[in-house]
Every structure is written in structure tokens, then in C-alpha cells.
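Below is one structure, written out as C-alpha cells; comments come after it.
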Amino acid sequence: MDFSLTDDQINFKKMAIEFARRELNNDVKEREKNSEFNMDGWKRCAGFGVQGLSMPEKYGGLGLDILTCILTMEGLGYACRDSGLLFAVNSHIWTCESPILKFGTDEQKEKYLPALINGALVGGHAMTEPDYGSDAYGIKCKAEKKGNKYILNGTKMFITNAPIADILLIFAVTGDKKGFAGISVFIVEKNFHGFSVGKPLDMMGLKTCPIGEVILEDCEVPEKNKLGKEGAGSAIFNSEMEWERSCLFATHLGAMEKELEECVSYAKVRHQFGKPIGKYQSISNKIAEMRVRIELSRLILYKAAWMKAQGKRAPIESAISKLFISESYVENSLEALQIHGAYGYSTELDFERHLRDSIAGKIYSGTSEIQKNIIASFLGL
Amino acid sequence: MEDNKAIKEFIQSELIKDKSISANLKVTDNLIETGIIDSLGIQKLLAYLETTFSVQIADDELIPDNFQTIEAIFLFLKGKKREG
Ligand SMILES: Cc1cc2nc3c(=O)[nH]c(=O)nc-3n(C[C@H](O)[C@H](O)[C@H](O)COP(=O)(O)OP(=O)(O)OC[C@H]3O[C@@H](n4cnc5c(N)ncnc54)[C@H](O)[C@@H]3O)c2cc1C
């Protein structure tokens, strides 16, 4: 493993920071208040190349190496104050574009990838159901083959981008095989007969990212829209989750860097009892611990991403990375808020938003508890 | 056949919690239907197969037909070794 960065990689991060500052932060507080998605920002991200960072040039992507992608995402996480937008983009990349690139037929790739990359289409994936979350392979959504179509019936819940999505990868049970062996994936377009979405759900954080319910009522999906073979659902899900757990959290790392910088500055200028608060060990220790969590987050993030880029399986590393970074973001956000006192608690500053947004990271992509189960199970427990 | 035995031993010791099921495991038992290989189990099995038999298993090879029984796993590996 060599994580020394090239000038190009450093430049990409800088450019992402400048881009986010210049083009993604306008009216961010208003959008947060109104739970409004920034479609213009989405298009701007596509113009910058975000949706196509790791995608082949053949389909309009930038074809960048994984470390450069991660650094770019880190830069966006650092400078963009709209975590909902970044979360929407990340879900689109890791749970829709990447699986189509990896498991799709040439026809599927040609049909969907260019438009997913240039920002014309919004994508996502739908596994979770009202009664099946962590127990993902227990899902009941059914896909029955009729002629050259599949008929899908079921309900999906908490689906990122659903209210604005043009296509979703829907996980459904085919045949009578049990559990993870019986799941297949379908590329479902929003105008397919029998497909509908509910209103955006009102969540605690990530306010600007539309999350919603998906209803499939005798939804007709052409056979050519099956992604991978029948029964390949768990392989697709695993692959998606490993990539997402290894890369999505780069934006969290960037956000933590920003919080740290703000805490250091504040601890130097905020005086109480005649001294800067940073001179009190209870404050400086918090800041030191924040720095430690950032450093360790960076190392495990780069390691997991590096393993994925080598074509290796990384179930333990991606679980550790997801677990550690998401928990660190919550802890750092809490500390940052505390260091800023009442100002930190006010919505004028971004710390309370960071805290609300960060908590979601302990739940999506497999909860913290599930990541611990994965790690423990590889230890023979 | 040695490979077959090694795979069986791995499944018995690492994937099956119940000792009596483990003792009676046959190479033709359906590992998926019986829940012996579940979503976590398949990941452990993959890590074991890739390191022990020096093969790389692609994500699109992770279909039930290749992992249904110990015999199926053995045949799948044999096919991969022939390819490689
Ligand atoms: C912001 C956000 C975006 C999301 N986006 C998507 C999306 O795009 N697509 C999608 O399909 N899903 C999405 N989800 C859903 C997400 O994947 C699920 O919320 C998650 O898998 C957990 O399921 P659950 O919420 O039903 O909790 P449950 O599974 O009901 O768990 C409840 C609690 O029990 C714990 N628990 C459950 N089982 C175990 C166990 N075996 N051992 C120990 N503890 C356990 C959990 O960790 C949790 O603390 C999203 C969720 C959020 C919050």
C-alpha cells in the first residue's frame, strides 16, 4: 500500500473544494429549512464530473483511480454544506451506477450509464422493506416471470432518491429459493406501469436528500431489465455495499476535517476566564481526540478503497471502515458542538446539522451493530 | 477429493453452530435451503476458498448453483482451476 499523493490527486481535492464553495452552497440554509433538493446543484456536480469520477470515459466518465475519487469526495465533504446533496450523489454512484457497470449487459450500460453520468438521470437502489431492514435477505417483494416480463409486487421503504429517481435497482425474490439465494435485481424506470413513489419522508437529518417509499403494484419490468442472473441479488448487494462502505464515507472524512479546523480556530479566539478555551485541557483533549479519529478514519478509508481497487474482496475492512468513520463523525460532531457551546447548538452554525446528518451514517449501508456482527463472524464468533 | 474434505471441514467448523447437524453433514446436503450458508456465511466461505485454493471468485459467479452443496462448490472450483 502506498498512499503518497500525486500532484494531480491533490489538485483534484483542491478543485473539488473550490467548486463546492463556489457552486453548491448558495441558499443552503433555506433548502435545509424547506427540505428541498438542489437539482441545480445535482446538474452542476455532473458538469464537474462527480457522478462520473470512477466511471469509464467510454460512457462519459472521468475514469479516475479510486484514491483520486476518494480525495475529490473528501474535498466535497469538506466544503459543501449540503450533505443531503452529497448523500444523494453518493447513493446514485455506489448503488446504481457502479452495479450497472459491473453486472449490466452492454445494452444496459449503453442505455443508462451515459445519462446517469451526465446528470440527466437520478438513480438509487431499493432493498429495505417496511418489515425487513437489517435482515435484508428476508425481503418479500416478489418478481414473477410472465412471458418476457417480470411482474413485481411489494413495498420498499427509506429509499434514498426515490421521490426524484428516474431509475431504481429493485431487489425482489424470484423463484422459490430461500433467503439470499433467491434474490434478483431489476432496473425499474419510473414510468413503468405499476411503479409509484410516496411523498418524501421527514427524517431527522439529511433534510435536502429526498428519501421515500416505493410501491410496486403488478409493476411490469421487461426481462432485459434484469440486472445479472436470476439469484445474483446477494452478489450484487454485497458488491454494492462493499464499495459503498469503502468509499461513501470519504465525504464524512472531509466534513470532519472542516469541523476540526473550525474547532481549532474557535478554541484560539474564544476567551473565558481570561484565557483562550483551547488552553483548558478538557477542550484541547477533545480536539486532539478529534484529530486522532480523523487520522485513523483516513487510514482505514484508504486501505479499504485500495483493496477494492486491487479487485480484492474486503468484507472486514469495509465493515471496519464504515463502522469507524460513521461513529467518528457522530463523536466529532458532538464534540465540535460542545466546544462551540450555545453557538454550536444554534442553527446559525453547522454543527447541529452535522450531528443530525452524521447519525444517519450509523444506520444506512448496514447499521453499526451489523458491521460489528460481520467483524465478529470473521473472528469465528 | 481432498479439496472436498477440506471444504466440508471448513463448513462444519466455521459455518455450522449446531454440533449434531455438523456431524451428519453430507456433500449432497443443500447448504442454502438448510440455512447453513447465509448472507454472512457466504462471505466467510468466499474468503476461505480464495485463500486456500488460490482462486479469484468473481461477483457474478456468486449464484446459488455454484454454492448449493459441497459437491457443487467442489465442481465449481475444479472448473475454475481448469480455466486458470
Ligand atoms: C438516511 C437513510 C437512507 C437509506 N437509504 C436506503 C436506500 O437507498 N435503499 C435501501 O434499501 N435502504 C435504505 N435505508 C434503509 C437502511 O438500509 C436500513 O434502515 C438499515 O438496513 C437498518 O434497517 P432498519 O432501519 O429496518 O432497522 P432494523 O433492522 O429493524 O434494526 C433495528 C435495530 O436493531 C439492530 N439489529 C437488527 N438486527 C440485529 C442483529 N442481528 N444483531 C444486532 N443488532 C441488530 C439494528 O442495528 C438497529 O439498531 C436508508 C436508511 C437511512 C436512515
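The values are calculated or read from the model by the stated rules, or taken from the named source; none is laboratory data. Just so it is clear, the structure is predicted and the values come from calculations on it, not from any experiment. Quick reminder, even Gly has a Cβ in these numbers, built from the backbone with ideal geometry, and neighbours come from all protein chains shown. These accessible areas exclude ligands, DNA and RNA; they are computed on the full protein's heavy atoms, side chains included. Shrake-Rupley method; radii C 1.70, N 1.55, O 1.52, S 1.80 Å.
So here's what we get for this one:
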| read-out | value |
| --- | --- |
| Selection from region A:368-381 of residues that are in contact (Cβ under 8 Å) with a residue 12 or more places away in the chain, within 14 Å of another protein chain (Cβ to nearest Cβ) and within 8 Å of the ligand (Cβ to nearest atom) | A:Glu369, A:Ile370, A:Lys372 |
| Any hit, region A:135-145, residues being open to solvent by 70 Å² or more (accessible area, probe 1.4 Å), modelled with pLDDT of 95 or more and under 15 Å from A:Glu189 (Cβ atoms) | no |
| Residue count for region A:196-212, restricted to those that are out of contact with any helix residue (DSSP H, G or I) (no Cβ under 7 Å at 6 or more places or on another chain), more than 10 Å from the ligand (Cβ to nearest atom) and in contact (Cβ under 8 Å) with a residue 40 or more places away in the chain | 1 |
| Residues of region B:72-84 classified as assigned to a helix (DSSP H, G or I) and surrounded by fewer than 15 Cβ atoms within 10 Å (Cβ to Cβ), total | 6 |
| Hey, A:Gly175 open to solvent by 10 Å² or more (accessible area, probe 1.4 Å), of a type in the set (Gly, Ala, Ser) and either within 15 Å of the ligand (Cβ to nearest atom) or part of a strand (DSSP E or B) (or both) or not | no |
| Yes/no for A:Leu227 being within 12 Å of the ligand (Cβ to nearest atom), within 18 Å of A:Lys109 (Cβ to Cβ) and not β-branched (Val, Ile, Thr) | no |
| In region B:65-84, the residues that are of a type outside the set (A, V, I, L, M) and more than 19 Å from A:Lys312 (Cα to Cα) | B:Asp65, B:Asn66, B:Phe67, B:Gln68, B:Thr69, B:Glu71, B:Phe74, B:Phe76, B:Lys78, B:Gly79, B:Arg82, B:Glu83 |
| Boolean, A:Pro130 is open to solvent by 50 Å² or more (accessible area, probe 1.4 Å) and either within 16 Å of the ligand (Cβ to nearest atom) or small (Gly, Ala, Ser) (or both) | yes |
| Single match in A:Leu216, A:Leu201 (criterion: away from chain B (no Cβ under 14 Å) and closer than 27 Å to A:Ala319 by Cβ) | A:Leu201 |
| Flag if A:Phe324 is open to solvent by 10 Å² or more (accessible area, probe 1.4 Å), without any contact (Cβ under 8 Å) to a residue 40 or more places away in the chain, of a type in the set (Phe, Trp, Tyr) and closer than 30 Å to A:Ile236 by Cα | yes |
| So A:Leu86, is it over 23 Å from A:Asp166 (Cβ atoms) and buried (at least 23 other Cβ atoms within 10 Å of the Cβ) | no |
| Output for region A:178-209, where each listed residue is open to solvent by less than 40 Å² (accessible area, probe 1.4 Å) and assigned to a loop (DSSP other than H, G, I, E, B) | A:Phe192, A:Gly194, A:Gly198, A:Gly205, A:Leu206, A:Thr208, A:Cys209 |
| Residue among B:Leu31, B:Leu45, B:Leu40, B:Leu62 that alone is within 19 Å of A:Pro315 (Cα to Cα), within 10 Å of the chain's Cα centre (by Cα) and either buried (at least 17 other Cβ atoms within 10 Å of the Cβ) or not polar (S, T, N, Q) (or both) | B:Leu45 |
| Unmet requirement for B:Asp18, which otherwise passes all of (1) within 13 Å of the chain's Cα centre (by Cα); (2) open to solvent by 30 Å² or more (accessible area, probe 1.4 Å) | (1) |
| Candidate set: region A:95-108, residues that are surrounded by 17 or more Cβ atoms within 10 Å (Cβ to Cβ) and more than 14 Å from every other protein chain (Cβ to nearest Cβ); chosen: the one nearest to the ligand (Cβ to nearest atom) | A:Thr95 |
| Condition met for A:Tyr364 (under 17 Å from the mean Cα position of the chain (by Cα), open to solvent by less than 10 Å² (accessible area, probe 1.4 Å) and within 14 Å of the ligand (Cβ to nearest atom)) | no |
